[in-house]
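Have a look at the structure below before the remarks.
The values are calculated or read from the model by the stated rules, or taken from the named source; none is laboratory data. In this text the structure is predicted, and so the values were computed from the model without any measurement. Quick reminder, even Gly has a Cβ in these numbers, built from the backbone with ideal geometry, and neighbours come from all protein chains shown. Side chains are part of the model used for accessible areas, which takes the heavy atoms of the whole protein and leaves out ligands, DNA and RNA. Shrake-Rupley method; radii C 1.70, N 1.55, O 1.52, S 1.80 Å.
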Amino acid sequence: MLAAIVVCAAVTYSLRLFPMLLAHRFRDREDLREISTLLPAGLMLILVAYTLLEADSGVQLSRLILAAVISVIVNAVSKNFLMAFIAGFATYSLSGLFL
């Protein structure tokens with residue numbers, strides 16, 4: 001049992017250490033800096049598209065679109081991702097009461 005814990009700890013530690021060592025080596029590369037700025041928006045776009053495509057009904061789709069629009073507006077105005085997330089979540093949750 002102790003051997004399994006040691007192996008798991010070593011794997012966990014190495015999975016956290018090696019990316020930091022590699023990031024330090026490639027910190028000044030312009031192409032990686034550009035990818036790091038585009039990647040979060042691209043991943044979010046994929047998640048939103050998948051969620052909208054998997055909507056069960058028209059009502060759920062309208063609630064999802066409303067929440068996405070509110071999130072984008074709040075993020076554009078405040079530049080605060082947490083506020084946009086909370087606004088979108090609240091819009092989706094409260095729209096269930098009205099739609």
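Okay, here's what the table says:
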quantity	calculated
Solvent-accessible area, 1.4 Å probe, carbon plus sulfur percent, for the chain	75
Theoretical ellipticity at 222 nm over the chain - DSSP helices of four or more residues, -39500 (n - 2.57) apiece, nearest 500	-30500 deg cm²/dmol
Solvent-accessible area per residue for the chain (1.4 angstrom probe, square angstrom)	84
Selection from Leu17, Met44, Ala67 lying farthest towards where the dipole of region 1-77 points positive, charges on Cβ	Leu17
For the chain, alpha-carbon Rg and Dmax in angstrom	20.1, 56
Equivalent ellipsoid semi-axes, region 34-88, via Cα gyration tensor eigenvalues times 5, rooted, Å	22, 16, 6
